[in-house]
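Chemist: Below is a structure I'd like to ask you about.
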Amino acid sequence: MACPAHDPAPIFDYFRAGFASNLLIAAVAHFRLFEKLEGRSLTHAELAAELGLEDRPAVVLLTAIRAMGLVLADAGGKLSLSPLALEQLAPGGYFSIAAYLGLAADTPAVLELVERLRANRTGTAFVYKETVESPMEEEASARNLTLALAGRAKNVAPVLADRLPLGNGTLLDVGGGTGIYAIAFLQKNPGLKAIVLDRPEVLRVAAEFAAQYGVADRLELHPGDMFTGAFPRADFVLFSNVLHDWDIDDCRGLVRRAAACLNPGGSILIHDVLLNDALDGPLNVACYSAQLFTMAEGRAYSAAEYGSWLREAGLDIQPPIPTLAHCHVIRGGSAR
């Protein structure tokens, strides 16, 4: 499995760029964000209440608007309009272009996003949970979705394995899908074994990839539900582009369960996109966060958020290492 010559990040940016315009139109025409902030400053929680949004959709919307430079935070964390927004988007201003942006207020994509934000409605496109109907329950749809997601994994997985050598031991890849990430680590670390935990429908694809890449003798396929089934013991537990599908409570629970299954000296590896710790960008990740919001139960998280869950589980944190497609890996290690 070779590393790509190019980072596909720009293509993903083009693919998700529509979320930036839809979030901006929603903020202007539906949530009246710039009207509510004109002449005053509010905390994130106060502004979320003014907008009628729960925390998850408020973070999705406000992170993007802050990344655009339209809302600024002071030293105390209070949010106010930037000079650009005050001149161009505050209602009634001589130079205001709010009405111009409002011409797109009733487009289907904007209306759907607004409804989802207001209802904090979750998507189920790429996730499985016993309490939620999902395409991942059906073999044909699970196969199609799994293979579609493999396109990004084939780019990123060999870079991740190259930048984070593991050596010997056992890697547990939770929600590992095709097993591409585990396979990349196996190819890079001859003394490593791996277990991919996922739904049975998905693991049929992983078995094909394991045979294709010649690692089937070192790759165990473990069918189960990551929220209810027992985690096998492991030296490394990998969550690669998994936690962003779930809400904060689910993420914290998964990290705790992963820490409990670690062998002495083991590590949890969180590989994902990262929002800024201040939740003010970057815009490309904020757009991906909006995409995740529409497709799953989570959003993009920051290194500070991931780090707090790892520390809660009793692990020491190492600085994030960049890979590709805006992803980084954060390693939380236990004491030997």
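Chemist: Taking every pair of Cα atoms in the range 135-333, average 1/r, invert it to obtain the Kirkwood radius, and report Rg/Rh to two decimals. Before the final figure, lay out the partial values.
Modeler: Details: Rg = 15.5 Å, Rh = 16.7 Å.
Reported Rg/Rh, Kirkwood definition of Rh: 0.93.
Chemist: Ignoring everything except DSSP H segments at least 4 long, calculate the 222 nm mean residue ellipticity for the chain; use -39,500 (n - 2.57) per segment, divide by total residues, nearest 500. Numbers along the way, then the final one.
Modeler: On the way: 13 runs with 149 residues, N = 336.
Per the formula, -13500 deg cm²/dmol.
Chemist: Picking from 306, 213, 94, which is most flexible by a Gaussian network model of the chain using Cα springs under 10 Å?
Modeler: 94
Chemist: Can you give me the span-like helices of the chain, meaning DSSP H runs with 27 Å or more of Cα extent along the axis and Kyte-Doolittle mean at or above -0.5? Walk me through the intermediate numbers first.
Modeler: On the way: long enough: 139-163 (34 Å, 0.05).
Taking the DSSP H segments of the chain (at least 27 Å long, mean hydropathy at least -0.5), we get 139-163.
Chemist: Treating only the Cβ of Lys, Arg, Asp and Glu as charged (+1, +1, -1, -1), what charge dipole size does the chain show about its Cα centre? Round to the nearest 20 debye.
Modeler: Values: 28 positive and 38 negative charges, 138 e Å.
That gives a dipole near 660 debye.
Chemist: Here's a follow-up. Sticking with the crude label model, points 7 Å out along Cα→Cβ, report the distance from residue 260 to residue 163 in nm, one decimal please.
Modeler: Inter-label distance under the simple model: 3.2 nm.
Chemist: Further, regarding this structure: For 309, 246, what ranking results if the residue with the fewest other Cβ atoms within 10 Å of its Cβ goes first?
Modeler: Details: 309 22, 246 25.
So the residues, fewest neighbours to most, are 309, 246.
Chemist: While we're looking at this one, here's another question. To the nearest 20 debye, what is the magnitude of the charge dipole of the range 9-119 about its Cα centre, counting +1 on the Cβ of each Lys and Arg and -1 on the Cβ of each Asp and Glu? Walk me through the numbers before you get to the answer.
Modeler: Numbers: 9 positive and 12 negative charges, 20 e Å.
Dipole about the Cα centre, nearest 20: 100 debye.
Chemist: So, one more: Search the structure for amide H atoms under 5 Å from the amide H of residue 220, placed 1.01 Å from N in the peptide plane, and list their residues when 5 or more places away or on another chain.
Modeler: 194, 195, 196
Chemist: Can you tell me which of 224, 175, 191 moves the most in a GNM of the chain? Springs connect C-alpha atoms under 10 Å apart.
Modeler: The residue that fluctuates most here is 191.
Chemist: Highest first, please rank the peptides 320-333, 100-113 by the mean number of other Cβ atoms sitting within 10 Å of their residues.
Modeler: Values: 320-333: 19.4, 100-113: 14.2.
Highest to lowest by the protection proxy: 320-333, 100-113.
Chemist: Using the Kirkwood formula over every pair of different C-alpha atoms, what hydrodynamic radius in Å results for the chain? List each step's numbers first, then the result.
Modeler: Working: mean 1/r = 0.0477 Å⁻¹.
The answer is 20.9 Å.
Chemist: In the chain, what percentage of the DSSP-assigned beta bridges are antiparallel, given to the nearest 5? Each step should come with its number before you reach the end.
Modeler: Details: 16 of 38 bridges.
Counting DSSP beta bridges with both partners in the chain, the antiparallel share is about 40 percent.
Chemist: Quick check on packing: order 34-42, 18-26 by the mean number of other C-beta atoms within 10 Å, highest mean leading.
Modeler: Values: 34-42: 16.4, 18-26: 20.9.
My ranking of the peptides, most packed first, is 18-26, 34-42.
A short reminder: the numbers here are calculations on the coordinates, not readings from a lab. Predicted, not measured: the structure shown is a model, and the values here were computed from it. Quick reminder, even Gly has a Cβ in these numbers, built from the backbone with ideal geometry, and neighbours come from all protein chains shown.
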